[in-house]
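Written out below as structure tokens is the structure these notes cover.
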Amino acid sequence: MQLDIDFVRSSFPAFREPTLEGQAFFENAGGSYTCGAVIDRLTRFYHARKVQPYGPYDASRLGGEEMDEARTRLAALLGVESDELSFGPSTTQNTYVLAQAFRRWMKPGEEIIVTNQDHEANSGPWRRLVEDGIRVREWRMDPETGHLDLADLENLLDENVRLVCFPHCSNVVGEVNDVAAICATAQAAGAFTCVDGVSYAPHGLPNVGDLGADIYLFSAYKTYGPHQGLMVVNRALAEQLPNQGHFFNGGTLYKRFTPAGPDHAQVAACAGIADYNDALYDHHFGHHPAPTVRTQAVHDLMRGHETALLKPLLDYLGAKNAVRLLGPGQAERRAPTVALSLQEPAGPVAARLAQSGIMAGGGDFYAVRALEALGVDPNRGVLRLSFVHYTTAEEVDRLIAALDQHL
């Protein structure tokens, strides 16, 4: 089954927006276009239900029901229980709150493993815990390839390690890490796992239950939704960690790591992500099995389309001596988030590409540690070209032509 790209693009108002006409969007790793289903739900909430939810009157009751619908449907697609999923203002904020919970739960001398492949969101908050006597070890990637070797993790694990934090996919290296194997290895040594899925989830929602991650975080604004951070914390761990919310909310699992009140409208609008996922499934397959089956089928549609488009771009870049591709050169091993180290600062190159209708980014992308580990000067940055399943082959051809002109 091949992805129906015309159907996909019809689901995104951005492709009918006159001010965006003629431009190809290749900075999706920074945030995707929002699907129409999410925009419709957000508009309806602000028009008709923008009151305190869960009250006895209709506007309030319906608003609360939409918030519950978002949590229930997305949790089902992710293969977890509905109260194991919580919403926060961003993944960075969610990780910070989690780190405060671990700070109180862990004993001085116990250890956390982080990587130097991560975005700072799943690295910095954990590293700061050294101020409270918690030790931090670094699982280092290969400085040439950016690869994280599982054997290196095994050498770091011992009875003092309580948590292993790593990305499903780095936002500059692009390689897809074997989450299930890493989680199994860490858990066999008695450690919990925290997986940053921000750079992977836009390419197909994962079955978090099957992956075995104790914590899985990603951002709705990169999975075609509003600006919210979604966080799964499995029950066995969530019930051990100290409550970070109001004391009277401690008995509700999804409120334990939400210190402030949620953005009601944006939480409700997240149900539109499930609407879109289901619409893709219905259009291509025509029936409704279990939610996780829908998730896997849509995931495979997205990944298949993206991999096919990524191959010619990687082939083109592999033939250019003037650029260094970060991460693997095989499309099947990576997400279509392509970071290039150039012979000049990346920002001006991104600006030149914009003149050719290519929307891309240049900078460090909050992956300063990763760039330094790979021998790239963060001040010069990298040119990042990132796309998702709504990108077309014609847009990739335009990108290659523009790179040929401006590199």
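The values are calculated or read from the model by the stated rules, or taken from the named source; none is laboratory data. The structure displayed is predicted, hence computed values, not measured ones. Here Cβ is always computed from backbone atoms with ideal geometry, including for glycine, and neighbour counts include all displayed protein chains. Keep in mind that these areas ignore ligands, DNA and RNA; they rest on the heavy atoms of the full protein, side chains included. Shrake-Rupley method; radii C 1.70, N 1.55, O 1.52, S 1.80 Å.
Table for the structure above
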read-out: Flag for Gly261 being free of Cβ contacts under 8 Å to residues at least 24 places away in the same chain and either part of a helix (DSSP H, G or I) or within 30 Å of His47 (Cβ to Cβ) (or both); value: yes
read-out: Test: residue in the range 108-118 that is more than 22 Å from the chain's Cα centre (by Cα), buried (at least 19 other Cβ atoms within 10 Å of the Cβ) and of a type in the set (D, E, K, R); value: yes
read-out: Inter-residue pairs, beta-carbon under 9 Å, first without any contact (Cβ under 8 Å) to a residue 24 or more places away in the chain and on the phi < 0 side of the Ramachandran plot and in the range 373-385, second polar (S, T, N, Q) and open to solvent by 10 Å² or more (accessible area, probe 1.4 Å), 6+ apart; value: Asp377/Ser341
read-out: Residue check, Gly363 without any contact (Cβ under 8 Å) to a residue 60 or more places away in the chain, under 24 Å from the mean Cα position of the chain (by Cα), more than 19 Å from Ser32 (Cβ to Cβ) and not assigned by the TED database to the domain that holds Glu144; value: no
read-out: Residue within the range 32-53 that is open to solvent by less than 40 Å² (accessible area, probe 1.4 Å) and within 21 Å of Arg398 (Cα to Cα) present; value: yes
read-out: The range 244-255, residues that are open to solvent by less than 40 Å² (accessible area, probe 1.4 Å) and either without any contact (Cβ under 8 Å) to a residue 12 or more places away in the chain or out of contact with any helix residue (DSSP H, G or I) (no Cβ under 6 Å at 6 or more places or on another chain) (or both); value: Asn249, Gly250
read-out: Residue match in the range 83-95 (condition: assigned to a helix (DSSP H, G or I) and surrounded by fewer than 16 Cβ atoms within 10 Å (Cβ to Cβ)); value: no
read-out: Count of residues meeting criterion [in a helix (DSSP H, G or I) and either of a type in the set (D, E, K, R) or farther than 15 Å from Ala76 by Cα (or both)] in the range 202-238; value: 10
read-out: Only listed residue being under 25 Å from Thr92 (Cα atoms), open to solvent by less than 40 Å² (accessible area, probe 1.4 Å) and touching a His at 6+ places or on another chain (Cβ under 6 Å), chosen from Ala373, Ala367; value: Ala367
read-out: Which listed residue, of Leu314, Leu301, Leu326, is open to solvent by less than 40 Å² (accessible area, probe 1.4 Å), of a type in the set (A, V, I, L, M, F, W, C) and under 28 Å from Leu74 (Cα atoms); value: Leu301
